[in-house]
1. If a residue has to be open to solvent by 10 Å² or more (accessible area, probe 1.4 Å) and either at pLDDT 95 or above or not charged (D, E, K, R) (or both) to count, how many in region 213-231 make the cut?
2. F26 is checked against (1) under 21 Å from L152 (Cα atoms); (2) touching a residue at least 60 places away in the same chain (Cβ under 8 Å); (3) open to solvent by less than 20 Å² (accessible area, probe 1.4 Å) and fails just one. What number does that condition carry?
3. Output the qualifying pairs, or none if there are none: Cβ atoms under 7 angstrom, residues six or more apart or on different chains, first residue in region 319-343 and in the same structural domain as E294 (by the TED database) and aromatic (F, W, Y), second residue surrounded by 13 or more Cβ atoms within 10 Å (Cβ to Cβ) and in a helix (DSSP H, G or I).
4. Of E324, E299, which residue is closer than 27 Å to G492 by Cβ, among the acidic types (D, E), open to solvent by 50 Å² or more (accessible area, probe 1.4 Å) and in a helix (DSSP H, G or I)?
5. Exactly one condition in (1) outside any loop (DSSP other than H, G, I, E, B); (2) under 30 Å from D95 (Cα atoms) is not met by L186; state its number.
6. Could you tell me which of the residues A270, A200, A176 is touching a residue at least 12 places away in the same chain (Cβ under 8 Å) and farther than 30 Å from E514 by Cα?
7. Filter region 487-502 for residues that are under 15 Å from T376 (Cα atoms) and either open to solvent by 10 Å² or more (accessible area, probe 1.4 Å) or in a loop (DSSP other than H, G, I, E, B) (or both) and give the result.
8. Pick from region 137-160 the residues that are under 18 Å from C122 (Cβ atoms) and not charged (D, E, K, R): which of them is nearest to the chain's Cα centre (by Cα)?
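The values are calculated or read from the model by the stated rules, or taken from the named source; none is laboratory data. Note that this is a predicted model, so its numbers are computed, not measured. FYI the Cβ positions are ideal-geometry reconstructions off the backbone, even for glycines, and counts take in every protein chain you see. Calculation scope for accessible area: heavy atoms of the full protein, side chains included, ligands and nucleic acids excluded. Shrake-Rupley method; radii C 1.70, N 1.55, O 1.52, S 1.80 Å.
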Amino acid sequence: MAAHLSSGRVNLTALREAGRRELREFLDKCAGSKAIVWDEYLTGPFGLIAQYSLLKEHEVEKMFTLKPGRLPQADVRNIIFFVRPRLELMDIITDNVRREDRGRSPQRDFHILFVPRRSLLCEQWLKEQGVLGSFIHREQYSLDLIPFDGDLLSMESESAFKECYLESDQTSLYHAAKGLMTLQALYGTIPQIFGKGECARHVANMMIRMKREFPGSQNSIFPVFDTLLLLDRNVDLLTPLATQLTYEGLIDEIYGIQNTYVKLPPEKFAPKKQGEGGKDLPTEPKKLQLNSAEELYAEIRDKNFNAVGSVLSKKAKIISAAFEERHHAKTVGEIKQFVSQLPHMQAARSSLANHTSIAELIKDITTSEDFFDNLTVEQEFMSGIDTDKVNNYIEDCIAQKHSLIKILRLVCLQSVCNNGLKQKVLDHYKREILQTYGYEHILTLNNLEKAGLLKLQTGGRNNYPTIRKTLRLWMDDVNEQNPNDISYVYSGYAPLSVRLAQLLARPGWRSIEEVLKMLPGPHFEERQQLPTGLQKKQPEIIQRNFPRSRGLGLLSQRTQAAASGSRSVLCYGWWLGRQSRPC
């Protein structure tokens, strides 16, 4: 099940196993049969750590979704609540426990597992409701960095950006620091830490303090990672606003990928039977898991969508030729060899059928006139064209009441590329949005301004043209079929964060000091001392200067950059609570 976690440059299976071990230890404390009541938000992330088979081995017989009212009937000794530390969830748990106490015999033992941290506030609330004493065990489970793929980790903290920049709640920074300390415990102390931004600085400071306060937590492991790069989300607000144009990026843009799973319209996946003429089409969405365990998906996920069709066509010919070989098998040995390959061939044919259907669904959208117009406006903004005036396409979209998210992404993109909007332009957009979509969105616009995504141009210099030119954020000549630059993922735009990672690897950030000063927040460098037994090797590690060219990851979309790295660089950033990639 976890083979794909060991297929990258770093074997992430150890991280997954550490999570499974912690989960098993907690379950074993609750002796007897068990039922788990899940906070629905946690089921996806936990599914990446442990499947039902593992839970069943530890006497988990039933699983329910947390909701108000009486718990479903289950003949078990233990009821375990897996929940986030949220007060609204404590109210539901209180209701469940009270109804259970009144209505069931014999009595059950209750336990609660807070994810990712135990909360004194939640426990005090349960105490005030008179149910805290019903819980035999009240513990926490550190679900910080979840291994998604061989080169991808995620905190799955979707509200991290909002918490940090709107609510001034830096709890997620602590969770990030704890997760990175766990990573170091498993893979060795990371000798170099580079960062950009206030939040990145806080995370680095917490990591250094944790290391100082718990010196025994260091293992004498030769470091797997040379460098840790911490980036604030607000250092690069442009990238998540633009439309991703890789195969996986478009799947995420259009259908949304949650915990490596995507739900797709069922009609393209219906089995075709002769004479039925499309009757009895399925109504349930088609749910597929997307990760590198699937050979074809691993090959096409990072390709620009324009290059995917030719790959699928070649695969179809190869698979067809492989099946035709059965006609040439004459001896018993040849037939036996063909039969042994049949399961793999059938899996490959099924995979090809699925991805051909997905490509057709995406193509129906990407070939539409509206998608082309939207992409054209995005690329004009990113290349610095007409960013200082009201855009006609945005006006038309508002008049036709297109998706508000689409409108806000374009307006914010224009604002970021222009270092803010002129008062007249900003007021016009606000007025049109509020009159069309409702005045309740005053709060939405205000939050965007507080987060820095939408702002008024104050007369200061627009630094974006300088940043774009110095970091080569826009490339006119892009080879989408055989790319040699990261700009292929947006058909022209090279993500700023990837450029920062590339330049850190070679020739170093000293070459772009002036540009770094234009970006928000401080930039810094920290050196961590290795455990005593490894200190003599530290200069050798640091002086390697990344001689080989390797793939470098971008967090919220999977891309391949021509960056350099001798061993492994871990890129970690505030990507609207999304993902980090060791690469």
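1. Start the filter on region 213-231 by keeping residues that are open to solvent by 10 Å² or more (accessible area, probe 1.4 Å), which leaves 213-222, 224, 231.
If we keep only those that are either at pLDDT 95 or above or not charged (D, E, K, R) (or both) as well, we get 214-222, 224, 231.
Counting residues in region 213-231 that are open to solvent by 10 Å² or more (accessible area, probe 1.4 Å) and either at pLDDT 95 or above or not charged (D, E, K, R) (or both) gives 11.
2. Every listed condition holds for F26 apart from (1).
3. If the second residue must be surrounded by 13 or more Cβ atoms within 10 Å (Cβ to Cβ) and in a helix (DSSP H, G or I), the pairs left are F323/M345; F338/E325; F338/R326.
4. Values: E324 fails: closer than 27 Å to G492 by Cβ.
After applying the criteria, what remains is E299.
5. (2)
6. Numbers: A200 fails: farther than 30 Å from E514 by Cα; A176 fails: farther than 30 Å from E514 by Cα.
So the residue among A270, A200, A176 that is touching a residue at least 12 places away in the same chain (Cβ under 8 Å) and farther than 30 Å from E514 by Cα is A270.
7. Listed by number, the residues that qualify are S491, G492.
8. If we filter region 137-160 for residues that are under 18 Å from C122 (Cβ atoms), which is where we start, we get 137-143, 157, 159.
Among the residues that remain, those that are also not charged (D, E, K, R) are: 137, 140-143, 157, 159.
Working: H137: 32, Q140: 23, Y141: 20, S142: 18, L143: 14, S157: 9, S159: 12 Å.
For region 137-160, the residue satisfying everything is S157.
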